Amino acid sequence: MILYPAIDLKDGNCVRLYKGEMEQATVFNDNPAAQARAFQDAGCEWLHLVDLNGAFAGEPVNAAAVEAILKETSVPVQLGGGIRDMATIESWLSKGLQRVILGTVAVENPILVKEAARAFPGHVAIGLDARNGMVATRGWAEETDIQVTELAKQFEDAGVTALIYTDINRDGAMQGPNVEATAALASAVSIPVIASGGVSSLSDLADLKASGAPLNGAISGRALYDGAIDLNEALNLLKS
C-alpha cells in the first residue's frame, strides 16, 4: 500500500478541515511547497493535493501553490478540487501533474470523465466523497441520492486509474477511517481504491491493510501534521 500525505490548500495555505467544513480550517503550513518537499524528503512516493477553494468555485483557485509544489518536488502528484472540464485537465497534466482527481464532474458529467480517462490513460482518478454512503459534490456541500458503489461501477471499463474514497464524517475528525465501507467498495470494483478520511493512527493503517481488500493506499493529513502518525513508521508499515 502507498501512503499519500495530504496537502489541502485554502487561500494559499496548507490546511485541514474538520468534517469538510471550510469555516473549521486549521492552518498547518503557510508554505505548501516546503511542506511537499518535506514529505518527499521523508520518503513519500506520492503527494495528494486538494484545492479546497477550487472545489467550491468550480475552477482552480490555488494554482500558484500547486505549481510551486510541482517545481519543488519530483515525486508524482495527484490533485483534486475544481477540475471540471477537459481544458483544465489538459492544462494540469501539461504542467507535470501525474493524476487529476475528478469528483463533482463524475456525477454531473460522467461522459466527460470517461472521455478524459480514455484520452489520458493512467492519469485520471475519481474522487468518491460520501456522507452516510451517499455521494456528495461541490466541495461536499451538496448531497445526492447516488450510492458510492453505484457511481463507481459506471467507470469500470473507462480506464480510470484509481478511486479515492472519502468518508466525509471521518475526515479531519481523527476518529479512524471507515474500514468496512472502504473494503466493501474495493472488493466490489476492479478499479484500485485509495482510502481517505479519518486515518489518524498506525493502527488505522494496519486495519486497512489487514482488511483483505485490494487497497492501493491510504491518504492521511491531519495525523501527520499533529504527529499522531509517525511518517517513517507508517511508510515502513505499509511497505512490509
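It is to be established whether one or more residues within the stretch 23-39 are hydroxyl-bearing (Ser, Thr, Tyr) and closer than 28 Å to residue 108 by Cα. No; the residues of the stretch 23-39 include none that is hydroxyl-bearing (Ser, Thr, Tyr) and closer than 28 Å to residue 108 by Cα. If you check residue 120 against the conditions, is it without any contact (Cβ under 8 Å) to a residue 60 or more places away in the chain, surrounded by fewer than 24 Cβ atoms within 10 Å (Cβ to Cβ) and aromatic (Phe, Trp, Tyr)? Here the answer is yes, as residue 120 does meet what is asked. Taking the conditions exactly as written (free of Cβ contacts under 8 Å to residues at least 40 places away in the same chain and either touching a strand residue (DSSP E or B) at 6+ places or on another chain (Cβ under 7 Å) or on the phi > 0 side of the Ramachandran plot (or both)), does residue 146 satisfy them or not? For residue 146, the condition - free of Cβ contacts under 8 Å to residues at least 40 places away in the same chain and either touching a strand residue (DSSP E or B) at 6+ places or on another chain (Cβ under 7 Å) or on the phi > 0 side of the Ramachandran plot (or both) - is met.
Could we say that residue 61 is open to solvent by 50 Å² or more (accessible area, probe 1.4 Å), modelled with pLDDT of 95 or more and under 22 Å from residue 116 (Cα atoms) here? So residue 61 passes the test.
If you check residue 37 against the conditions, is it closer than 24 Å to residue 218 by Cβ and either of a type outside the set (Val, Ile, Thr) or touching a residue at least 60 places away in the same chain (Cβ under 8 Å) (or both)? Judged against the criteria, residue 37 is a match.
Could you please give the count of residues in the stretch 194-203 that are more than 16 Å from residue 240 (Cβ to Cβ) and either more than 12 Å from the chain's Cα centre (by Cα) or modelled with pLDDT of 95 or more (or both)? Before the answer, list the steps.
Of the stretch 194-203, the ones more than 16 Å from residue 240 (Cβ to Cβ) are 194-201.
Restricting the remaining residues to those that are either more than 12 Å from the chain's Cα centre (by Cα) or modelled with pLDDT of 95 or more (or both) gives 194-195, 198-201.
So the answer is 6.
Against the conditions (1) outside any helix (DSSP H, G or I); (2) farther than 14 Å from residue 6 by Cβ; (3) open to solvent by 10 Å² or more (accessible area, probe 1.4 Å); (4) without any contact (Cβ under 8 Å) to a residue 40 or more places away in the chain, residue 216 satisfies every one except (4).
Does residue 81 count as under 16 Å from the mean Cα position of the chain (by Cα) and farther than 14 Å from residue 125 by Cα? When the stated conditions are applied, residue 81 does not pass them. The condition of being surrounded by 22 or more Cβ atoms within 10 Å (Cβ to Cβ), modelled with pLDDT of 95 or more and on the phi < 0 side of the Ramachandran plot holds for only one of 52, 47, that being 47.
Scanning the stretch 6-33 for residues that are free of Cβ contacts under 8 Å to residues at least 60 places away in the same chain, open to solvent by 50 Å² or more (accessible area, probe 1.4 Å) and either out of contact with any strand residue (DSSP E or B) (no Cβ under 8 Å at 6 or more places or on another chain) or under 17 Å from residue 75 (Cα atoms) (or both) gives 11, 21, 23.
Counting the residues of the stretch 74-87 that are touching an Asp or Glu at 6+ places or on another chain (Cβ under 8 Å) and either open to solvent by 20 Å² or more (accessible area, probe 1.4 Å) or acidic (Asp, Glu) (or both) gives 4. State all residues of the stretch 176-190 that are open to solvent by 10 Å² or more (accessible area, probe 1.4 Å) and either part of a loop (DSSP other than H, G, I, E, B) or aliphatic (A, V, I, L, M) (or both); if no residue qualifies, say none. Passing the criteria: 177, 178, 179, 181, 183, 184, 188, 189, 190. Going residue by residue through the stretch 137-146, is there one that turns out to be closer than 22 Å to residue 220 by Cβ and within 18 Å of the chain's Cα centre (by Cα)? The answer is yes; a qualifying residue exists. Within the stretch 88-106, the set of residues being open to solvent by 20 Å² or more (accessible area, probe 1.4 Å) and either touching a helix residue (DSSP H, G or I) at 6+ places or on another chain (Cβ under 7 Å) or more than 23 Å from residue 8 (Cα to Cα) (or both) comprises 95, 96.
The values are calculated or read from the model by the stated rules, or taken from the named source; none is laboratory data. What you see is a predicted model; the values in this text were computed from it and never measured. When we count neighbours, we look across all protein chains shown, and the Cβ atoms used for this are built from the backbone with ideal geometry, even at glycine. What goes into the accessible areas is simple: the full protein's heavy atoms, side chains included, and nothing from ligands, DNA or RNA. Shrake-Rupley method; radii C 1.70, N 1.55, O 1.52, S 1.80 Å.
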